[in-house]
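Step one of this worksheet: look at the structure below.
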Amino acid sequence: MKKVAALVAGGLLLCGGVGVAAADSRGSRCEEFSGKLTLEQGPCDEFKAVMRKERIFEDATFLPAGTPAICFSGTIADAQLGGRQVEASSLSALTANSFCLLVPGSCDLPPPAVPPVFTAATVVTVAADREEPRKDKELGQIFLRDTAVLRGDGYAVEQLIGVGGTKKFSKASVSMEIRGYETVGADVSGTICR
């Protein structure tokens, strides 16, 4: 049954990211985004504050049902956008999904357990590198929906699709992927078209 769940999730991960961040005929500029993500579990206060301020993810059901209760904050080291050094961080909260129905009993996992196939809502904040003189240091926030497969040893493969943004990312098309052990450093790569 776990193999079925992994196959279904893998198919969704592959299909979900195809063509999402392609340049359109109006001349969008696409830039590669990369870095190394390190996550740690923590309180949901910052995630909730962004939700309230930006009125984003209001349609999501968080785990356990109700308000965000399983949250993570992250730093993205060596982050680059279009070949330029940037600073980036993330906030995530696990969301309810129907994948756990494929693995009997996995929907009832108590926090802080993360099911083997999970979904989340994520906010990535991107700012100009400290060395680069700018009036507006924060470039903006990117709001993403995630689908991921988590192996028993903690290795994750995660597909993130942009659903909104602020400032320079307010009309961006975004597709990102995370691969690796997120608690010690996983590779992040993707494309941002704006």
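Scanning the range 5-56 for residues that are in a loop (DSSP other than H, G, I, E, B), surrounded by 18 or more Cβ atoms within 10 Å (Cβ to Cβ) and at pLDDT 50 or above yields Cys44, Ile56. Exactly one residue among Ala186, Ala121, Ala128 is modelled with pLDDT under 95, small (Gly, Ala, Ser) and either surrounded by fewer than 16 Cβ atoms within 10 Å (Cβ to Cβ) or in contact with a Lys or Arg (Cβ under 8 Å, 6 or more places away or on another chain) (or both), and that residue is Ala128. Filtered by the rule that a residue be farther than 25 Å from Ala128 by Cα, of a type outside the set (Gly, Ala, Ser) and surrounded by fewer than 17 Cβ atoms within 10 Å (Cβ to Cβ), the range 144-183 gives Arg151, Asp153, Tyr155, Tyr181. Taken as a whole, the condition of being open to solvent by 20 Å² or more (accessible area, probe 1.4 Å), at pLDDT below 85 and either in contact with a Ser or Thr (Cβ under 6 Å, 6 or more places away or on another chain) or not aliphatic (A, V, I, L, M) (or both) applies to Lys2.
Any residue in the range 96-112 that is under 19 Å from Ile56 (Cβ atoms), at pLDDT 85 or above and out of contact with any helix residue (DSSP H, G or I) (no Cβ under 7 Å at 6 or more places or on another chain)? No, the range 96-112 contains no residue that is under 19 Å from Ile56 (Cβ atoms), at pLDDT 85 or above and out of contact with any helix residue (DSSP H, G or I) (no Cβ under 7 Å at 6 or more places or on another chain). In the condition set (1) at pLDDT 90 or above; (2) buried (at least 16 other Cβ atoms within 10 Å of the Cβ), Leu63 is compliant with all but (1).
For the range 146-194, a residue qualifies if it is under 17 Å from Thr125 (Cβ atoms) and either under 11 Å from the mean Cα position of the chain (by Cα) or assigned to a strand (DSSP E or B) (or both), and the qualifying residues are Asp146, Leu160, Gly162, Val163, Gly164, Gly165, Val174, Met176, Ile178, Val188, Gly190, Ile192.
The values are calculated or read from the model by the stated rules, or taken from the named source; none is laboratory data. Predicted, not measured: the structure shown is a model, and the values here were computed from it. Quick reminder, even Gly has a Cβ in these numbers, built from the backbone with ideal geometry, and neighbours come from all protein chains shown. What goes into the accessible areas is simple: the full protein's heavy atoms, side chains included, and nothing from ligands, DNA or RNA. Shrake-Rupley method; radii C 1.70, N 1.55, O 1.52, S 1.80 Å.
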